[in-house]
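Structure, as structure tokens:
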Ligand code: HEC
């Protein structure tokens, strides 16, 4: 083997290694997106963040997932609207998402569960939701207790709760 052969063999080797690295990165990205889809599904995010999802028995097409909901939840906390997570995520880095996803929220957002989600799982959700792309408008703004709203809403006032005295 002369030096030219050695050189070209090395070059070919490097190109093949490069392709291997790119392939591995692509596989890893696909694995993360798939994991994110699974977590969003079993984490039940669509139940609130995708309009009509429970009513459709979960058959809303994936292209319409997580666009936020203009049907509010009204309770003692005021009226809240499930955010458009595709817009929210498009506006922040993955590192910021790790912090943002763990902040305290108003009901009925189960923030206390999301706050316990591991970094790896939150990253997978980030990759999945980013991959869906931006769609829809931001959800309506939160309205404090006593403020009337013009959107549809679901009432969340507990009725007939046993009182402390009757326990
Ligand atoms: C029972 C309904 C419900 C479910 C289930 C739910 N959310 Fe929410 N989510 C809400 C509501 C309502 C808000 C708005 C809360 C507020 O105004 O403080 C919200 C807000 C959020 C926010 C804050 C967005 C922002 O920047 O304004 C994030 C992030 C979020 N949800 C992520 C998730 C994820 C991820 C899941 C699934 C693991 C999930 N939610 C499941 C109702 C829900």
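The values are calculated or read from the model by the stated rules, or taken from the named source; none is laboratory data. Just so we're clear, the structure is a prediction, and the values are computed from it rather than from any experiment. Note that we place each Cβ from the backbone using ideal geometry, even for glycine, and neighbour counts take in every protein chain shown.
Identify the single condition in (1) more than 9 Å from the ligand (Cβ to nearest atom); (2) more than 23 Å from residue 55 (Cβ to Cβ); (3) not in a loop (DSSP other than H, G, I, E, B) that residue 88 does not satisfy, given that it satisfies every other one.
(1)
Taking residue 155 as the residue in question, decide whether it is away from the ligand (no atom under 13 Å from the Cβ), out of contact with any helix residue (DSSP H, G or I) (no Cβ under 9 Å at 6 or more places or on another chain) and under 20 Å from residue 28 (Cβ atoms).
Working: away from the ligand (no atom under 13 Å from the Cβ): yes; out of contact with any helix residue (DSSP H, G or I) (no Cβ under 9 Å at 6 or more places or on another chain): yes; under 20 Å from residue 28 (Cβ atoms): no.
For residue 155, the condition - away from the ligand (no atom under 13 Å from the Cβ), out of contact with any helix residue (DSSP H, G or I) (no Cβ under 9 Å at 6 or more places or on another chain) and under 20 Å from residue 28 (Cβ atoms) - is not met.
Go through the range 39-81 and report how many residues are near the ligand (Cβ under 10 Å from one of its atoms) and in a helix (DSSP H, G or I).
Of the residues in the range 39-81, 9 are near the ligand (Cβ under 10 Å from one of its atoms) and in a helix (DSSP H, G or I).
Which of the residues spanning the range 101-128 are in a helix (DSSP H, G or I), within 8 Å of the ligand (Cβ to nearest atom) and either at pLDDT below 95 or over 11 Å from the mean Cα position of the chain (by Cα) (or both)?
First, the residues of the range 101-128 that are in a helix (DSSP H, G or I): 111-114, 119-128.
Checking which are within 8 Å of the ligand (Cβ to nearest atom) leaves us with 111, 113-114, 125.
Result: 111, 113.
For residue 152, state whether it is closer than 16 Å to residue 70 by Cβ and within 17 Å of the chain's Cα centre (by Cα). Please lay out each step first, then the result.
On the way: closer than 16 Å to residue 70 by Cβ: yes; within 17 Å of the chain's Cα centre (by Cα): no.
When the stated conditions are applied, residue 152 does not pass them.
I'm trying to understand the selection: among the residues of the range 2-37, which are touching a helix residue (DSSP H, G or I) at 6+ places or on another chain (Cβ under 8 Å) and either within 16 Å of the ligand (Cβ to nearest atom) or more than 15 Å from residue 129 (Cα to Cα) (or both)?
If the condition is that a residue be touching a helix residue (DSSP H, G or I) at 6+ places or on another chain (Cβ under 8 Å) and either within 16 Å of the ligand (Cβ to nearest atom) or more than 15 Å from residue 129 (Cα to Cα) (or both), then 32, 33, 35, 36, 37 are the ones that fit.
For the range 129-142, name all the residues that are within 9 Å of the ligand (Cβ to nearest atom) and not in a loop (DSSP other than H, G, I, E, B).
If the condition is that a residue be within 9 Å of the ligand (Cβ to nearest atom) and not in a loop (DSSP other than H, G, I, E, B), then 129 is the only one that fits.
Say we look at the range 91-100 and pick out the residues that are more than 9 Å from the ligand (Cβ to nearest atom) and surrounded by 12 or more Cβ atoms within 10 Å (Cβ to Cβ); which of these is nearest to residue 48 (Cα to Cα)? Before the answer, list the steps.
First, pick out the residues of the range 91-100 that are more than 9 Å from the ligand (Cβ to nearest atom): 93-96, 98-99.
Going one step further and asking which of them are surrounded by 12 or more Cβ atoms within 10 Å (Cβ to Cβ), we end up with 94, 96, 98.
Values: 94: 23, 96: 23, 98: 21 Å.
It comes out as 98.
Can you tell me which of 74, 55 is at pLDDT 90 or above and over 21 Å from the mean Cα position of the chain (by Cα)?
On the way: 55 fails: over 21 Å from the mean Cα position of the chain (by Cα).
Just a single option satisfies the conditions, and that option is 74.
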